[in-house]
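> Quick one: this structure, given as structure tokens, is what I'll be asking you about.
Every number here is computed from the coordinates shown, using simple stated rules; none is lab data. Keep in mind it's a predicted model, so treat the numbers as computed, not measured. FYI the Cβ positions are ideal-geometry reconstructions off the backbone, even for glycines, and counts take in every protein chain you see.
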Amino acid sequence: MMKGVSPLVASVLLIVITMSVAAVLATFVSSYTKSTLASLPTCVGGNIIYVTADYPKWDASTQKITAIVEAQNIPLGNFKFDVIFINDTATSFPDSQGLSLAAGATGTIISQPIGATKNDVKQVRVSTNCSNVKTDWTNLR
């Protein structure tokens, strides 16, 4: 005669083990989600504008784009110029100065050299560390 664990005890053990694994996974996922969300910038209500209609400007001697911008309502950083060329290719050029702006502050951003002429550029916009905060597409001045 063989002896073993009764079906009732086996069922209870399976339920206890399953619930323990679920509790450990829930704790891990919850703490991971909180830490990931805490590291994301808060971008709700943010905006970026050119200070005057004279921007973005083209500097032919350096092949760089310059703009004076204002961060509205939230701090902004990681500026880059998104450029669409006349052949409809698009490339992003980061701000060469690494500027960060407090809410309401203005500052000058300058692109890396783009290796093209002004006539090669179809449109430009400035984007930021907040994916929903960017200027409208415009022509170079």
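> Given the DSSP H assignment, sum -39500 (n - 2.57) over each helix run of at least 4 residues in the chain and divide by its residue total; what's the result at 222 nm in deg cm²/dmol, nearest 500?
-8000 deg cm²/dmol
> Next question. Could you work out how far the C-alpha centroid of segment 81-141 sits from that of segment 1-46, in angstrom?
45
> Mean-square fluctuation check for the chain, GNM, Cα pairs under 10 Å: which of Asn47, Asn119, Asn73 is largest?
Asn119
> When the Kirkwood radius is taken over all Cα pairs of segment 1-40, what Stokes-Einstein diffusion coefficient follows at 25 °C and 0.890 mPa s, in µm²/s?
This corresponds to a translational diffusion coefficient of 194 µm²/s.
> Whole-Hz ³J(HN,Hα) for each residue in segment 65-70, computed from phi via Karplus 6.51 cos²θ - 1.76 cosθ + 1.60 with θ = phi - 60°, x for glycine and proline: what do you get?
Working through the residues one at a time gives 9, 10, 8, 9, 10, 10 Hz.
> Work through the residues other than Pro113 whose Cβ is under 15 Å from its Cβ and net out their charges, Lys, Arg +1 and Asp, Glu -1.
After counting each charged neighbour, the total is +1.
> Please compute the Cα-Cα pair-distance distribution of segment 1-77 with 5 Å bins starting at 0, giving whole percents from short to long.
Reading the bins upward from 0: 3, 11, 9, 8, 9, 8, 7, 6, 6, 5, 5, 5, 4, 4, 3, 3, 2, 1, 0, 0.
> Is the shape of segment 82-141 rounded, prolate or oblate, going by the alpha carbon gyration tensor and its root eigenvalues a ≥ b ≥ c, with a/c under 1.5 for rounded and a/b larger than b/c for prolate?
Verdict is prolate for segment 82-141.
> Something else now. Counting residues in segment 47-127 as N, plug N into 2.2 N^0.38 Å and put the Cα Rg over that result.
Computed over Cα atoms of segment 47-127, the ratio equals 1.06.
> Could I ask something else about it? Relative to the longest principal Cα axis of the chain, at what angle does helix 7-38 sit, 0 to 90 degrees, rounded to 10?
Value to nearest ten degrees: 20.
> Which lysines, if any, have their Cα less than 26 Å from the Cα of Lys134, not counting same-chain residues under 8 positions apart?
Straight-line reach from Lys134, under 26 Å: Lys57, Lys64, Lys80, Lys118, Lys122.
> Hey, another quick one. Determine, for Leu76, Leu8, the number of other Cβ atoms within 10 Å of each Cβ, and report the residues in order from fewest to most.
Fewest-to-most ranking of Leu76, Leu8: Leu8, Leu76.
> Specify which labelled value, from [x] 18.5, 67; [y] 15.0, 48; [z] 26.6, 95, agrees with Rg and Dmax of the Cα atoms in Å derived from the coordinates of the model shown.
Step by step, Rg and Dmax of the Cα atoms in Å for this structure corresponds to label [z].
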